[in-house]
Amino acid sequence: MHYFPGGRRVVLGTSFVLVTIVLLTYKHSYSLTGTILSTPVSPSCQTWLGWQDSSSEQSTYVECKTSVKYPLVGDTNVLGNPERCLSASSRLNQYSSSGNRNWSDVRWGQVQRRCAAREYKLPSLEDQLHQIWRRPADSQETAPFSGTNTGRTAVVLRTWDNYEYTEKRLTWLRALITEVALQRNGAYQVFFLVNVKDTDVRLEEDDAAYEQFLIKCVPEEFRDMAVLFNERTLKAWYPKVTEHGAQDQMYQALQIFSHKFPQYDHVWQLEMDLRFTDHVHDSLESAITFAKAQRRRNLWERNGRFYIPQLHNNSYENFADAVDAEIGDKGVWGPMSTSDFVPRGPQAPARAKLDWGIGEDADLISFMPMFDPVGSNWIYEDYVYGFADGTATPRRVAIVSITRSSRRLLQLVSEAQRETGRWVVSEATLETFALLHGLKAVTVPHPISFANEMKVEELDADIHKGPPHTKAGGESSMLYTKNGFLLGPWWQASYWFTGDGAQGVWEAYVDGQGLPPMLLHPVKEK
C-alpha cells in the first residue's frame, strides 16, 4: 500500500481547488428562483429593531448551475431541496462590516435571548451566562438525567483563544447566528465555547483573568454568548481521565456545557471552519427529520457505510433494503454487551417489530459513517481506557466531530468519565457510548463531492474496505492510520477532517455558483 507519512494530526494549506458538484438525484433541468417563502421574523428577533434586512425574506434563490462530475456520495435531498439554490450574496452581503452598521454595538447573546423570550419561558438565570458557567466542578455533582424536554437546542461553535476573526469569518458568523436563532424565532441558541490554551490561568476563580481573556479572545459583539475553558477546567471535572487535550477529548467541554445549561434538549457541536450552502437552521432540521424517520433494524450497519446513489437507483430505501438483505437478523439490536457495563437506553422489543425506531428522535446525529475501528489500523484503534474488556470493547467511530447529541447521551458519557474514568478518543466517544447504551444513533448521508475522476465502482472499492457490519471500516483512505495516510480521493473531498476540497467548493459558491444544500469542511478562508 502507498502511504502519506504524517504526524498525529495534519493541517494542510489552503490552496484553491475547484470541485465541481454532481447532482445525481436531479430529475429536472429547471430550477426554482425567487425569494424565500417563510414566516416573517418577529420584531423581537431582528438584530436591530425595525431592520428588515435580517429577515430571511431578503434572501433569494438562484438557478442551480451544475457541471456533472462523478462520483458523488450521499443524498442531495437530505439537507433540503436540491432544486432551490440559495444565493450566497443575498445571505452574506448584509452582514459585512461595510456600510452604516456598527456591529460592535450588537450583543448577539442579548439579541438571541430577546428572540427566544417571545416563544419560550426562559429560566430566571438565563442572562447570567458567565456566572453559571464559572461555578466550580465540585458544586455541580453529576445528577440523574431528568428526561424533561424543553424543545430548545443549543448550537455550540468550538473555537480557540487565538482564532483570527477576519472580515469573511465575521460575516459568516453573523449570518449563521441570524439563520439559526433569529429567523426561526429562537428554538435554537448559539454559543461560542472558547478553548484557552494557557493551562495555568484559573478561569473559574480569577475574575480579572477571565475578563481579560474574554476581551482578548472574543470580539465585542460575541462576548455575551461566549464561555471560556482550559485544560485546568476539564481536569477539575474529570480527574479520573488521563487526557484532556482537544485532540482526544473534544466532548468534555460540551459535556460540562450540558450540565450547566440543562434547558437544552440537544446540542449541536459545530466547528468554525464548517460552512453551509443553504439556510443553516433548515439544513440542520432536515438532518433531524431524516434521522427521526430511520428504523432501528440494521441501523448501525447502515451507519457503517456510505450511501452511493448510483449503486441503488438513486433511492435510499433501496440502499436500506440492500443492507437488510445482506445482514438479515444479525445486526445490532439494542445495546451491545460488554463486561461491567449497565446499559441505560430503552429496552429493545422483539426483532419482529421491524418498525422500531421510526419516529424516535436520535440521541446522536453524525455526518460521517460510524464504523468499527477493530482491524482498521486507525491510529487510535487501541485507545480504550477504563473498560473491563479493553480493546475487545464494542466501539464505533465517526471521523469529524460535528454532531448533534442529546442531553441524555452527554450526561451518560460525563458520568462514566467522572465516576469510573472510562474514555475513548473524541471521534469514538459519543458513538461508542450510544452503541453500548442502546441509544439511537444515525449517520445522515449528506452529499459529498470529490474532485477526482473516478468510476463509481472504484469509489465504492476505495471507501468500503471493511466487513459487512462496518464496510466504511477496514484500512480506508478516509482514516489517518498508524502508518500515515493512505492514498485516496479524500484530500479533495467537500467534507472531511482535512484537505482543501471544501475550500474550493465554498469559493465557487461565494463567487455565484448555485449549489444545493451541502456541508463543507474544512473551509479555512481568511
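The values are calculated or read from the model by the stated rules, or taken from the named source; none is laboratory data. All values reported here derive from a predicted model rather than from experimental measurement. Here the Cβ is made from the backbone with ideal geometry for all residues, glycine too, and neighbour counts use every protein chain on show. Surface accessibility is based on the protein's heavy atoms, side chains included, excluding ligands, DNA and RNA. Shrake-Rupley method; radii C 1.70, N 1.55, O 1.52, S 1.80 Å.
The phi torsions of region 420-436, fed into the Karplus equation with coefficients 6.51, -1.76 and 1.60 and a -60° offset, translate into couplings of 10, x, 7, 7, 10, 6, 3, 5, 10, 5, 5, 5, 5, 5, 5, 5, 6 Hz, rounded to whole numbers, with Gly and Pro shown as x. Along the charge dipole of region 413-473, Cβ charges K/R +1 and D/E -1, which of 435, 472, 454 sits furthest on the positive end? Farthest along the dipole direction, towards plus: 435. Here region 370-481 is treated with +1 on each Lys and Arg Cβ and -1 on each Asp and Glu Cβ, and its dipole about the Cα centre works out to around 620 debye. Charge dipole of the chain (Cα centre as origin; +1 on each Lys and Arg Cβ, -1 on each Asp and Glu Cβ, all else neutral): 560 debye, rounded to the nearest 20. Judged by a Cβ-Cβ distance under 4.7 Å, the unpaired cysteines of the chain are 217. Only protein atoms count toward the accessible area here, which uses a 1.4 Å probe; on region 402-526, the carbon and sulfur part of that area reaches 46 percent.
Beyond 39 Å, how much of the Cα-Cα pair distribution for the chain remains, as a whole percent? Intermediate values should be presented prior to the final figure.
Numbers: 29728 of 138075 pairs.
Across the chain, Cα pairs with separations above 39 Å total 22 percent.
Accessible area per residue for the chain is 38 Å², calculated with a 1.4 Å probe on protein heavy atoms, without ligands, DNA or RNA. When both region 188-225 and region 369-427 are represented by their alpha-carbon centers, they are found 28 Å apart. Phi angles of region 105-114 translate, via the Karplus equation with coefficients 6.51, -1.76, 1.60 and θ = phi - 60°, into HN-Hα couplings of 7, 7, 10, 5, x, 5, 4, 5, 5, 4 Hz per residue; Gly and Pro are given as x. Peptides 412-420, 320-328, 396-404 ranked from most to least packed by the mean count of surrounding Cβ atoms within 10 Å: 396-404, 412-420, 320-328.
Ligands, DNA and RNA left out, the 1.4 Å accessible surface of region 210-305 is 48% carbon and sulfur atoms.
Dipole magnitude for region 346-426: computed about the Cα centre from +1 point charges on Lys and Arg Cβ and -1 point charges on Asp and Glu Cβ, it is near 160 debye. Step through the table entries 440/524; 240/465; 216/240; 260/440; 440/465; 455/524, compare each Cα-Cα distance with 27 Å, and write down the pairs that go over it. Going by Cα-Cα distance, 440/524; 240/465; 216/240; 455/524 fall outside the 27 Å limit. With Cα atoms as the point set, region 239-287 shows a radius of gyration and Dmax of 14.1, 42 Å.
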